[in-house]
Amino acid sequence: MHIIVAADKNWGIGRNNELLVRISEDMKNFRRMTEGNVVVMGRKTLESFPGGKPLPNRVNIVLTRQQDYDGKGAVVVHSEEELREELKKYETEIFIIGGESIYRMMLPYCEDAYVTRLDYAYEADTWMPDLDREEGWALAEKGEEQTCFDLIYHFTVYRNSARKKF
């Protein structure tokens, strides 16, 4: 299992149920990595997509406590146990795509995290756990400096040496 996220200097990932910034190359990277695979998200993340619809060309799994939630074509589960059972059905790669509570829940079980690190501190209300301080996590790769207008960012990969079996 993998995490994929864009995070600012303070590990902020969103504000008012929206991304902090939209970077074309980051979106292309996200699409390239997740298409044909499974994406796991919370209800608010699904609702942040255009029309609140699942991402095309992927199996979308939404974890929510709302028992009667309409995932508009996404697989809907209501507990971590139900999520575990659902994920056993898939042989493809699994990407955790947010939000904050889903990242925190799944972090111990992920082998790596693909993090687009933004060299700016935004005003955020949602955060990713700080992988520079999380036990077992370490920066494994840091790509070349990229720019989008005046924003500097890097594609990075963090690895989890203390991964738990899911």
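Reported count of residues in segment 76-99, each being closer than 19 Å to Ile3 by Cβ and surrounded by 15 or more Cβ atoms within 10 Å (Cβ to Cβ), is 10.
Counting the residues of segment 1-41 that are of a type outside the set (Asp, Glu) and part of a helix (DSSP H, G or I) gives 9.
Identify the residue in segment 75-93 that is more than 16 Å from the chain's Cα centre (by Cα) and assigned to a loop (DSSP other than H, G, I, E, B) and, among all such residues, is nearest to Met106 (Cα to Cα). Here the residue is Ser79.
Restricting to segment 148-165, what's the tally of residues that are open to solvent by 90 Å² or more (accessible area, probe 1.4 Å) and either among the β-branched types (Val, Ile, Thr) or more than 19 Å from Gly12 (Cα to Cα) (or both)?
First, the residues of segment 148-165 that are open to solvent by 90 Å² or more (accessible area, probe 1.4 Å): 149-150, 159, 161, 163-165.
Subsequent filtering for residues that are either among the β-branched types (Val, Ile, Thr) or more than 19 Å from Gly12 (Cα to Cα) (or both) retains 149, 159, 161, 163-165.
The total comes to 6.
Tally the residues that are open to solvent by 50 Å² or more (accessible area, probe 1.4 Å) and either in contact with a Cys (Cβ under 7 Å, 6 or more places away or on another chain) or not in a strand (DSSP E or B) (or both), restricting the search to segment 105-120. First the steps, then the outcome.
Looking only at segment 105-120, we keep the residues that are open to solvent by 50 Å² or more (accessible area, probe 1.4 Å), and these are 105, 111, 114, 119-120.
Cutting the leftovers down to either in contact with a Cys (Cβ under 7 Å, 6 or more places away or on another chain) or not in a strand (DSSP E or B) (or both) gives us 105, 111, 119-120.
Total meeting the criteria: 4.
Would you point out which residue out of Glu123, Glu135 is surrounded by fewer than 11 Cβ atoms within 10 Å (Cβ to Cβ) and within 30 Å of Glu82 (Cβ to Cβ)?
Exactly one of Glu123, Glu135 is surrounded by fewer than 11 Cβ atoms within 10 Å (Cβ to Cβ) and within 30 Å of Glu82 (Cβ to Cβ), namely Glu135.
Determine if segment 31-38 includes at least one residue that is out of contact with any Phe, Trp or Tyr (no Cβ under 8 Å at 6 or more places or on another chain), surrounded by 12 or more Cβ atoms within 10 Å (Cβ to Cβ), within 27 Å of Leu118 (Cα to Cα) and at pLDDT 95 or above. Yes: one or more hits. Within segment 39-53, the set of residues being within 14 Å of Gly98 (Cβ to Cβ) and open to solvent by less than 30 Å² (accessible area, probe 1.4 Å) comprises Val39, Val40, Met41, Gly42, Thr45, Leu46.
Select from segment 54-72 the residues that are open to solvent by 90 Å² or more (accessible area, probe 1.4 Å) and on the phi < 0 side of the Ramachandran plot and list them in ascending order. Steps first, answer last, please.
If we filter segment 54-72 for residues that are open to solvent by 90 Å² or more (accessible area, probe 1.4 Å), which is where we start, we get 57, 65, 67-68, 70, 72.
Hits for segment 54-72 are Arg65, Gln67, Asp68, Asp70.
The values are calculated or read from the model by the stated rules, or taken from the named source; none is laboratory data. Here the structure is a predicted model, which is why all the values come from computation and not from measurement. So basically every Cβ, Gly included, is an ideal-geometry build from the backbone, and we count neighbours across all protein chains shown. With ligands, DNA and RNA removed, areas are computed over all heavy atoms of the protein, side chains included. Shrake-Rupley method; radii C 1.70, N 1.55, O 1.52, S 1.80 Å.
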